[in-house]
Amino acid sequence: MTSTIASAQKPRTPTEKAPSDSTLATELTAGEADGEPSRRALLGRPEWNLGFTTLHVGGGLLFDAIAYSQDTASERQFPKLNAQIKLRDFRFILGGRFRSKRPFTWQAGIMYDAATSKWLMRQTGLMVAVPEIHSHFFLGRAKEGFSLNKVMVGYDGWSMERLPFTDATIPLLADGIKWLGYIPTAHWFWNLGAFMDALSEGQSFSSYNYQFVARTGWVSATSEDRGTLVHAGMNFRIGQPDKDSLQLRSKPEAFPASYFIDTKKFPARSAMTFGPELYYRPGRVLLGSEYYWQRVSSPETGNPWFHGGEAFVQWLTTGETRSYNMAGSYFREVSPDSTIIQGASGGWGPMVKFSYSNLTNGPLQGGIFWRVTPMINWYMTDNLRFEFAYGYGVLTKLGARSVTQFFQSRIQMRL
């Protein structure tokens, strides 16, 4: 058995750009976005050659700090919102490539869930490439593939948390099979998945007996990490809720906070969700929006409709361009042109985001919540990022309107 340790690449000068990665443009690993190492990292992932497979070890760590300012109505609704520093996420990632002619990779994800104080299996499975039909097939536990924002690993997002509506309506993970494809000449991508809960019954994300997901669209770019990019996609999902009941709920883009929108449990025979995603990257600026509708078959509650989404703009003032993975059709983390280790300022990415979620329909009064979030991302190195955010949130629920202000920061480290 031989052993190698991946080393950091030579630091770029502030005027140099990250090289185009043609391998990642045509191939995915079993971890998809979770399995991608930093392409120019201060700390490389340890990697060993075991003969029949390689083995690499990765990981991540997130800490959140938050304080609140509440009006009287908000204090009545949420009396226990206290300033705190809290562990958000701690995970290990094991993965590798089998010694086979056809690209065949595996991954095991292990995460400490701070909310339940338990160790859980996350993205885990096998991925095989079939380049003859521009495809990859995945078998195991993974994200369903609905929503570009949801597909991306949380460490790579432009804001601290994903939009509340998809947190409420789309499970984080599912067990099943996915077919992913991208045809470069047509600029067309797709993700088809079928999932069931035979192995995940009782997990916090297991809210459906089975579900089917489709995501497809078009992307204009010819380069992953430079030039103008337009991404347009459409998502569709249908599933049967577990035990013929459903509960839609989400926190207000603040992990330590209470659930602001919550329908409570209600009878549900099926749920259908659909909506578009649109992104535009003219260089150092990234604009994006996603919006979704969900119809639940629930005669007892009038077959309700729910809807929500977000829109944002981020400007990388230090000149970087956020790169994109063609095969997976998602954006990556920002790689700063210069780092604080070089004595430079790192990369800076101010942004502003507006999100909206409506879980009120007929007798179901889950609430209507919107939030405006100006935010600054400081990309110190490829492994280290600091985030500062202010949020102004308004909740309308059960006839009351409340205002909560959020003062947040996060430090994240990954390998």
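Side notes on the structure shown:
- Yes/no for LEU172 being in a strand (DSSP E or B), closer than 30 Å to PHE386 by Cβ and aliphatic (A, V, I, L, M): no
- Flag if LEU286 is over 19 Å from the mean Cα position of the chain (by Cα), surrounded by 18 or more Cβ atoms within 10 Å (Cβ to Cβ) and either over 26 Å from THR116 (Cβ atoms) or not β-branched (Val, Ile, Thr) (or both): no
- Residue tally, condition crowded, with 22+ Cβ neighbours inside 10 Å and within 20 Å of LEU316 (Cβ to Cβ), over region 388-409: 1
- Every test in (1) at pLDDT 95 or above; (2) over 25 Å from LYS86 (Cα atoms); (3) in contact with a Lys or Arg (Cβ under 7 Å, 6 or more places away or on another chain) is passed by LYS397 save one, and that test is (3).
- Considering region 62-111, and only residues there that are assigned to a strand (DSSP E or B) and without any contact (Cβ under 8 Å) to a residue 24 or more places away in the chain, the residue that is nearest to the chain's Cα centre (by Cα) turns out to be MET111.
- Every residue from region 49-58 that is surrounded by fewer than 16 Cβ atoms within 10 Å (Cβ to Cβ) and touching a strand residue (DSSP E or B) at 6+ places or on another chain (Cβ under 7 Å): ASN49, PHE52, VAL57
- Considering GLU253, GLU224, GLU277, the condition of being at pLDDT below 95 and not hydroxyl-bearing (Ser, Thr, Tyr) is satisfied by GLU224 alone.
The values are calculated or read from the model by the stated rules, or taken from the named source; none is laboratory data. The shown structure was predicted, so the numbers you read here are calculated from the model rather than taken from an experiment. Because the Cβ atoms are built from the backbone with ideal geometry, glycine has one as well, and the counts that use them run over all protein chains shown.
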